[in-house]
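Any read-out appearing in this document is the output of simple, stated calculations on the displayed coordinates, not a laboratory observation. Just so it is clear, the model here is predicted, and its values are computed rather than measured. A quick note on method: Cβ atoms are made from the backbone with ideal geometry, for glycine too, and the neighbour counts reach across all protein chains shown.
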Amino acid sequence: MADRISKEKRSWVMSRVTSKHTKPERLVRSLLHRIGYRFTVNGPKNKNLPGRPDIVLPSRQAVIFVHGCFWHRHTGCKSATTPKSNTSYWLKKFERNIQRDRQTRQALVKLGWQVITIWECELKDLDAVAAHLIAALPRSPQFDLPEEIEDDKLVAETQASYTGKK
Ligand SMILES: [Zn+2]
């Protein structure tokens, strides 16, 4: 019995293994690139700032977290379900995640950083995410859109996987 782990537990283990540079994060990076923001994903600030942010925009003093709705408990989101078995285990784990996110945010704000959270479910509408980012991080008026899209194929693929269209 000891080596039998539930499907949920297993997917949790997998999500830990692949937690860095998962598809949603790559999608946001590609979107940022497309709308012309400079950012780091492996810089010293990604490693040293509280919460080790996925994406850091050093010149903006801003960080972006791409949060999975299930793990980080997106309020009111239909992906933020609670497993029916081992419920107390899950609730404890979720509570810890929420606490950690809150502490991370507070620590970053205290250090003068702007914290932007993008929820995985929001990636269904990349235009809305782009609008949100541009509102949060105003650009200079002389900014020109880059011609090249870094990762067209990835964007198309991911959009298809979210909308169910192939
Ligand atoms: Zn969500």
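A few points about this structure:
- Scaled radius of gyration (Cα, divided by 2.2 N^0.38 Å) that segment 22-98 gives: 1.33
- For Gly112, the shell of other residues with beta-carbons less than 14 Å away shows a net charge of +4, using +1 for Lys and Arg and -1 for Asp and Glu.
- Added length on full extension, which subtracts the Cα-Cα distance from 0.36 nm per residue, Lys84 to Gln103: 4.0 nm
- Using bins of 10 Å that start at zero, the share of Cα-Cα pairs per bin across segment 92-138 amounts to 23, 37, 36, 4, in whole %.
- Backbone HN-Hα couplings from phi across segment 45-61 [Karplus 6.51/-1.76/1.60, Hz, Gly and Pro as x]: 6, 4, 8, 9, 6, x, x, 6, x, 4, 9, 10, 10, x, 6, 9, 6
- Between Ile134 and Asn42, the contour length at 0.36 nm per residue exceeds the Cα-Cα span by 30.8 nm.
- Added length on full extension, which subtracts the Cα-Cα distance from 0.36 nm per residue, Lys93 to Arg52: 12.8 nm
- Separation of the alpha carbons by more than 26 angstrom is noted for no pair of Lys23/Lys45; Lys45/Lys110; Lys47/Lys93.
- Near Val56, once Lys and Arg are set to +1 and Asp and Glu to -1 for all other residues with Cβ below 13 Å from its Cβ, the sum equals +4.
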